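The values are calculated or read from the model by the stated rules, or taken from the named source; none is laboratory data. Predicted model, so just to flag it, every value in this text is computed and none were measured. For neighbour counting, all protein chains shown are included, and Cβ atoms are generated from backbone atoms with ideal geometry for every residue, glycine included.
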Protein chains: 6
Amino acid sequence: MKVHLTRRYHFAASHRLHLTDCSDDENRAIYGKCNNPHGHGHNYSVEVTVSGPVDAATGMVCNLADLDGFSNKEIIERFDHTNLSMMPLFEGKVPTTERLCVEIYDIYNKGFKHAHLEKVRIEETAKNSFEYTG
Amino acid sequence: MKVHLTRRYHFAASHRLHLTDCSDDENRAIYGKCNNPHGHGHNYSVEVTVSGPVDAATGMVCNLADLDGFSNKEIIERFDHTNLSMMPLFEGKVPTTERLCVEIYDIYNKGFKHAHLEKVRIEETAKNSFEYTG
Amino acid sequence: MKVHLTRRYHFAASHRLHLTDCSDDENRAIYGKCNNPHGHGHNYSVEVTVSGPVDAATGMVCNLADLDGFSNKEIIERFDHTNLSMMPLFEGKVPTTERLCVEIYDIYNKGFKHAHLEKVRIEETAKNSFEYTG
Amino acid sequence: MKVHLTRRYHFAASHRLHLTDCSDDENRAIYGKCNNPHGHGHNYSVEVTVSGPVDAATGMVCNLADLDGFSNKEIIERFDHTNLSMMPLFEGKVPTTERLCVEIYDIYNKGFKHAHLEKVRIEETAKNSFEYTG
Amino acid sequence: MKVHLTRRYHFAASHRLHLTDCSDDENRAIYGKCNNPHGHGHNYSVEVTVSGPVDAATGMVCNLADLDGFSNKEIIERFDHTNLSMMPLFEGKVPTTERLCVEIYDIYNKGFKHAHLEKVRIEETAKNSFEYTG
Amino acid sequence: MKVHLTRRYHFAASHRLHLTDCSDDENRAIYGKCNNPHGHGHNYSVEVTVSGPVDAATGMVCNLADLDGFSNKEIIERFDHTNLSMMPLFEGKVPTTERLCVEIYDIYNKGFKHAHLEKVRIEETAKNSFEYTG
């Protein structure tokens, strides 16, 4: 009796999509207005999905307090109100939401042990979202 | 040519997460404020996903009138404006949304014969959702 | 240069709409399924609107930290994961969302001094909302 | 390191669900109010999901400019502000959203070559959605 | 102690914006793609706001059962799954959402007597809405 | 017969809330994490409300093509994918959303002549919004 639990968190951050090896024209051709100087930003919504059997006593897949504790410490405190382009995590790499999604998946995958990690999904805007399942 | 159809229903209910075998302190440790005396409640959103071939004549996976008829009778009339903790269905079991999800899946699985059941997903709040695929 | 600021908070609670002076039939006639025994619940969304001039230095109507501090202490801690029908605040009164709206307005009106209170709006479900402007 | 990217587009259209081979009563029995004469309409929301490895240089699954260019030309210009029942695409076929979903999947599948097509999902109303994965 | 109550209803309809007195080019210049032949459609969301004192006994502005009864009979049954351009109500008039809003306001204003009518707001799409206050 | 029309636009931008005259500690005390170095960002949603009589011929308050043309040129092209803190518009001023709201109101007020400007509302996040009515 395996159930999936999805929990949603929010943070706001900025980034600039820019390849230091490319010319301004090349960057503009690849990233369009996402390459604008000084960056821009988004309200990111992170949905983490974990799964597991429903505990016979508690009736839960995992305790939301554990998931919230981990997520607030490892995700929200780390990414909220930051400039992703300035984070060591993305040094030498363009902080696209594809990569952010993989990085956040890896953080849960290494550190969260209370249920099986299934998926991380990030909404960058109301029109765009990204998913990574490992 | 198998298509998935997802239909969303809404009901409001209350529950209290509480294990009668545990002390007040233990219950508080497990369920936090969800263990508050007298219960609390939610607007639950149920999404049922069914699948099947697209009928060559009607162009439909299944008739929404059939799905609505079943869902209103078996789900909405049964759960809407109730206290889940008082339902015979959850006697001796804590009515977590994990369990509610499994129970509602089982109701569709046993009774709804117009298309193949794929999944039941319940949103408990804007931050939490649960899925069961059998 | 007066600007309005609206901030949204969420809590989950249960209630039962029931007049002790009326018969079961009368209660059923007035409140329908909201009169169901044992109560039911909702995810309430509270939007508080305050106004004021934009501070020439900070550029703010009021500091969100002040509004959040007040709201968490006076609204969320008080109402979240409770049964409204059991609160002393509603003793002898049916805890409709109309009344909840007026009570929450009064709490801000008496206690929040960092900006002018304009309005409290409560969404009870995706279909219902209530507003009180004093 | 395969990531899924989902992009959402919107269009408004009308249709009438009606089988020319059936009597009025039969049509009414099958399609209910969706068979009303003169048709009715919806705001359709199309979500297309594509997948692929994250490009080592750009950090992207595919360039959104390519996906937007294709989608605007092949989907939005074609379906927005139309009457689906009058389109040659649905000649002799009832334009249910199941069929619309399959047709839009096929358009991406034949023409969009910048990433692997995973899924097309269409929301017809806030209560109904359809998915096709090929 | 006057409280505002807002209730949301949904219907789907089609229309075509077209002036019979104007040439095709003029119609195209005024209405753009909303003038496309055969029409198009929307999911309309109607929000009606009424106000009144909170009844000392029931705690309500007005009974939702009365508001729902009226709205289902006079609004939903009348407009849901119709082609607005074919309704006698709009004979000789282009059925813009501005006019639909005024017509729906007038229906409540003439017929709904259980609370004071404040406003009718219609969302035509996620980007457009219209309000009329009499 | 005056109707209000509200139209919603979206842009993404970054900003940092920081007073150059204040110490780091003072800035931190006033703006909290919004003062984080390198800035952060949001998906801003702008709702502009205009009003006017319904034109007897066209049935419209104003032509959406005019409103979209103005808004895309004067608002979206100007603010989308920018860092508000680097704009000349906010030189020497902290680009709070209160101020952004007033500036955008002023742009419509000076330049948009097709209907009466009523209000500009900006959603900064799902929890915060600001309104200015001049």
Just need a number here: residues in the stretch D:51-73 that are farther than 30 Å from residue E:123 by Cβ, touching a residue at least 24 places away in the same chain (Cβ under 8 Å) and of a type in the set (A, V, I, L, M, F, W, C).
3
Tell me which residues, restricted to the stretch A:18-35, are loosely packed, with under 15 Cβ neighbours inside 10 Å and assigned to a loop (DSSP other than H, G, I, E, B).
A:20, A:21, A:23
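Test residue E:20 against the stated conditions and say whether it is touching an Asp or Glu at 6+ places or on another chain (Cβ under 7 Å), more than 22 Å from residue D:128 (Cα to Cα) and among the hydroxyl-bearing types (Ser, Thr, Tyr).
Details: touching an Asp or Glu at 6+ places or on another chain (Cβ under 7 Å): no; more than 22 Å from residue D:128 (Cα to Cα): yes; among the hydroxyl-bearing types (Ser, Thr, Tyr): yes.
So residue E:20 does not fit the description; no.
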Residue B:86 vs (1) within 9 Å of another protein chain (Cβ to nearest Cβ); (2) under 24 Å from residue D:35 (Cβ atoms): all pass except (2)
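Give the residue, chosen from A:100, A:84, A:5, A:17, that is in contact with a Pro (Cβ under 6 Å, 6 or more places away or on another chain) and of a type in the set (A, V, I, L, M).
On the way: A:100 fails: in contact with a Pro (Cβ under 6 Å, 6 or more places away or on another chain); A:5 fails: in contact with a Pro (Cβ under 6 Å, 6 or more places away or on another chain); A:17 fails: in contact with a Pro (Cβ under 6 Å, 6 or more places away or on another chain).
Only one candidate passes the filter, namely A:84.
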Matching residues in the stretch D:14-55 (under 18 Å from residue D:98 (Cβ atoms), under 22 Å from the mean Cα position of the chain (by Cα) and of a type in the set (Gly, Ala, Ser)) number 4
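If you scan the stretch C:21-60, which residues turn out to be small (Gly, Ala, Ser), under 23 Å from residue E:64 (Cβ atoms) and more than 9 Å from chain B (Cβ to nearest Cβ)?
Taking the stretch C:21-60 as the starting set, the residues that turn out to be small (Gly, Ala, Ser) are C:23, C:29, C:32, C:39, C:41, C:45, C:51-52, C:56-57, C:59.
Next cut, under 23 Å from residue E:64 (Cβ atoms) only: C:23, C:29, C:32, C:39, C:41, C:45.
Answer for the stretch C:21-60, where residues must be small (Gly, Ala, Ser), under 23 Å from residue E:64 (Cβ atoms) and more than 9 Å from chain B (Cβ to nearest Cβ): C:23, C:29.
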Taking only the stretch E:1-12 into account, find how many residues are surrounded by fewer than 19 Cβ atoms within 10 Å (Cβ to Cβ) and of a type in the set (A, V, I, L, M).
1
Suppose we filter the stretch A:102-116 for residues that are under 13 Å from residue A:75 (Cβ atoms) and touching a Phe, Trp or Tyr at 6+ places or on another chain (Cβ under 6 Å); how many remain?
2
Hey, among F:15, F:38, which residue is closer than 27 Å to residue C:58 by Cα, touching a residue at least 12 places away in the same chain (Cβ under 8 Å) and surrounded by fewer than 20 Cβ atoms within 10 Å (Cβ to Cβ)?
F:38
Those residues of the stretch A:112-131 that are touching a helix residue (DSSP H, G or I) at 6+ places or on another chain (Cβ under 6 Å) and under 20 Å from residue A:61 (Cβ atoms) come to a total of 4
Taking the stretch B:98-129 and keeping only residues that are in contact with a strand residue (DSSP E or B) (Cβ under 8 Å, 6 or more places away or on another chain), within 11 Å of another protein chain (Cβ to nearest Cβ) and free of Cβ contacts under 8 Å to residues at least 40 places away in the same chain, one is left with B:98, B:101, B:102, B:105, B:126, B:127, B:128, B:129
Where residues in the stretch E:61-76 are assigned to a loop (DSSP other than H, G, I, E, B) and not aliphatic (A, V, I, L, M), which of them is nearest to the other protein chains (Cβ to nearest Cβ)?
E:63
Subset of the stretch C:1-20 that is at the interface with another protein chain (Cβ under 7 Å from one of its Cβ atoms) and polar (S, T, N, Q) - its residue that is nearest to residue B:14 (Cα to Cα)
C:14
Members of the stretch A:77-111 that are of a type in the set (A, V, I, L, M, F, W, C), buried (at least 19 other Cβ atoms within 10 Å of the Cβ) and either at pLDDT below 95 or not in a helix (DSSP H, G or I) (or both)
A:94
